[in-house]
Amino acid sequence: MLKLNESEMKFIRTIIEENNSIIELDNKHYYLSAIEIHESPIKKNDPETNERLEKKKLNLLNDGKFSIDEVVEMIDQGVL
């Protein structure tokens, strides 16, 4: 991901707002769109939760033994 400076942000925002979101660079077409990036819901300061989820992840990857609830929990926490 590239962070833009203020003038670059204004330029890109203008392109998107004016519905000119398809651009061409080096004979390739690119579609510009806005997305939201959400923070991971996993608690970084909770070593017990992190350890438990990491064990479940390793069990899933190494042994292939898992429950649907475990997989859903790991997806929700951003581990998978």
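Bear in mind that the values in this text are calculations on the coordinates, not laboratory data. None of these values were measured; they are calculated from a predicted model. Neighbour counts are summed over all protein chains in view; Cβ atoms, including those assigned to glycine, are modelled from backbone coordinates with ideal geometry.
All other residues with a Cβ under 12 Å from the Cβ of Phe11 taken together, and with Lys, Arg as +1 and Asp, Glu as -1, what is their net charge? Residues close to Phe11 contribute a combined charge of -2.
In this calculation the C-beta distance from Asn19 to Ser67 is compared with R0 = 30 Å, giving a FRET efficiency of 0.05.
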